[in-house]
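Data block below; observations after.
The values are calculated or read from the model by the stated rules, or taken from the named source; none is laboratory data. Note that the coordinates shown come from a computational prediction; the quantities given were computed from them, not determined experimentally. No Cβ is skipped: glycine too gets one built from the backbone with ideal geometry, and neighbour counts run over all protein chains shown. Just the protein is used for accessible areas: all its heavy atoms, side chains included, with ligands, DNA and RNA removed. Shrake-Rupley method; radii C 1.70, N 1.55, O 1.52, S 1.80 Å.
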Amino acid sequence: MLDLRPVIFAPVSGWVATRPLALDPIRRDRRVDTQALAATLPVWTGEATSDHGGSLVGYHPRTGVPVFCDRFALGRHRPNAHKLIVAPSGSGKSYEIKGDVASLMLAGVAVHVVDWQDEYIRLAEALGGTVIRLGTAGARINPLELAEAAKPGAVTQQSLFVESVVETMLGELDPSEKAALGRAISSCYRLAGITADPATHDRTPPELLDLLAALEEAGADRLAALLEPWSVGAYAGLCSGQTTLRPAGELVVWALGDLPGDQERLAAVAVLLAVHAIWTDVARRDGRRRVVVLDEAWRLYEVSAAAGRVVEGLARRLAKGARKYNCGLTNATQDLDEFLSTPLGRTILNNSSVKWLPGQEPAGVKALGATFGLGEAETRYLEGAPRGHGLLLAGRQRIRLEVRATPVEHRLATSDPEEVAAIDAEELRSGAAKAVRAWVAEVASGRAAGCRHRVVDLEGDWLAGEATAGVELVWTDAEDGTWSEWAALQLARTGRSWDVTGAVRARRPA
């Protein structure tokens, strides 16, 4: 390793040699190996320390050194893989989360995202993930399906979850109603032939309609009347019937943007169903590393205390069994005071070993510093930090970071309305052009093989993303370049894809 040697009768030369001037008036050379030389780097890079392995979280703002964080490298000071993000509006919170999701996938981590506003759909499509759109026709999750089948306590655990789901649907229940609900749930499983015996857990689970019938038979008329819209009425499409959605792949986005924005209780039920399905995947304990992103999940307490308790229980279970389940939570909030006013918020804060604090508003810096034990220099840094800069607290490490993105990553992560609209229009134009070319290759190849072709716009603005559009395709095989044969095509857009239909209509005279 390195050692220090005193310089006798040459104090000025020794002082000059220690300055960053690239001067060596002492001229005492010594060979050192790479490991010994690396020991000097912290003198210059300071906070730019990384875990061995892990995912890229950012760059040191002064030196540009990349910083990696392995959330699953658990130890005394980092007992779990949970991450908390406290960021004011407009500070790049979702931008950082999307970049983190991509980095986690590169590190071999499977990711589940509960997406309130369909912000992660483009990212999932680009990375080959699965998008599950709750609220669309035919998209259902059965809350009575056992999450931990083949385990002795599976029925009991699932019954408690169903009670929380029904309480979220109907509102607070009095003790007698809770007792009646519990008996009805037990009756449903008994009639379906499902008991505590794991050998019965592969049988078809009961449905919400079965629970409605059990309540009616038991004389719980008020509960049955309140549950009826969720079983056969306006809300029945979400959770009435057997499960039709199965998460698959390394990235699964549970998109809730198709749900009515004014139905908070419906959204709370959807989050619970998504959490139930995610837990089914996590509880397998198959050795895969997973991260679950729950953006602003603490707001569930504002809608339903029962829903909040379920997510709080999930956070506690994963925090206590972090090594057993090999799973971490990522949560984010814009309002620290409201976040800490709920039991779920306090649970998440107390059980998050990694915290990301980007630049803050001056009014909120003091409260943030007191909550996270920041020093005066750190609070001053956050108060003046530009967008994308902040502090990463990982165990005892406190690292100043800058979050950057490549142009491709920026296209996938940005949430600026103007940029998103421009990207959507560009993607639709490209998709429509590809659809036309595919139609030419498939349908017209026999007649126009090897010929030149071009597309003529018939309706003025079809490439800008109209839902339906008509275009004209013409091609030639004449040496003089006259366009002889033509077809009328109709394009119909479904989401981000285009369907093309058309036929050759006539042969134009040369």
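By its C-alpha gyration tensor, with a ≥ b ≥ c as the square roots of the eigenvalues, how is segment 235-378 shaped: rounded for a/c under 1.5, else prolate for a/b larger than b/c, else oblate? In terms of gyration-tensor shape, oblate. Ranked by solvent-accessible area (1.4 Å probe, protein heavy atoms only, all chains present), the residues Thr34, Thr280 order from largest to smallest as Thr34, Thr280. Shown for segment 265-401: the carbon plus sulfur share of the solvent-accessible area, taken with all protein chains present and a 1.4 angstrom probe, equals 46%. Within the full protein context, the accessible area of Cys69 is estimated at about 10 Å² for a probe radius of 1.4 Å. Per-atom-type breakdown for segment 55-158 gives carbon and sulfur 53% of the accessible area (1.4 Å probe, protein chains only). Here the relative contact order of segment 370-416, from alpha carbon pairs under 8 Å that lie six or more residues apart, stands at 22 percent.
Quick one, can you get me the convex hull of the C-alpha atoms of segment 41-135 expressed as volume per residue in Å³?
Numbers: hull volume 13.5 nm³, N = 95.
Convex hull of Cα atoms, per residue: 142 Å³.
Per-residue SASA remark: Phe72, around 40 Å² accessible (1.4 Å probe; ligands, DNA and RNA not included). The smallest convex shape that holds all Cα atoms of segment 160-213, its convex hull, gives 80 Å³ per residue. Annotation: segment 236-317 has a Kirkwood hydrodynamic radius of 13.9 angstrom, from the mean reciprocal C-alpha pair distance. Using protein chains only and a probe of 1.4 angstrom, how many square angstrom of His112 are accessible, to the nearest 10? The value for His112 is about 10 Å².
Here's the picture: charge each Lys and Arg Cβ at +1 and each Asp and Glu Cβ at -1 in segment 152-198, and of Leu181, Gly171, Ala154 the one pushed furthest to the positive end of that dipole is Ala154. Put simply, the Cα atoms of segment 87-236 extend 53, 36, 29 Å along their principal axes, the longest span coming first. Residue pairs exceeding 30 angstrom between C-alpha atoms, taken from Lys98/Lys434; Lys93/Lys178; Lys83/Lys178; Lys93/Lys366; Lys151/Lys178: Lys93/Lys178; Lys83/Lys178.
Ordered from highest to lowest accessible area with the whole protein assembly present and a 1.4 Å probe, Val16, Val86 read as Val16, Val86.
Take each of the peptides 266-272, 151-157, average the number of other beta-carbon atoms within 10 Å over its residues, and list them starting from the highest.
266-272, 151-157
Projecting the alpha carbon convex hull of segment 326-398 along each direction and taking the average yields 5.3 nm². When the residues Lys434, Lys366, Lys93 are ordered by accessible surface, computed with a 1.4 Å probe over the protein chains alone, the sequence from largest down reads Lys366, Lys434, Lys93.
Remark: relative contact order (segment 123-210) = 33 percent; criterion is Cα-Cα distance under 8 angstrom and separation of 6 or more residues.
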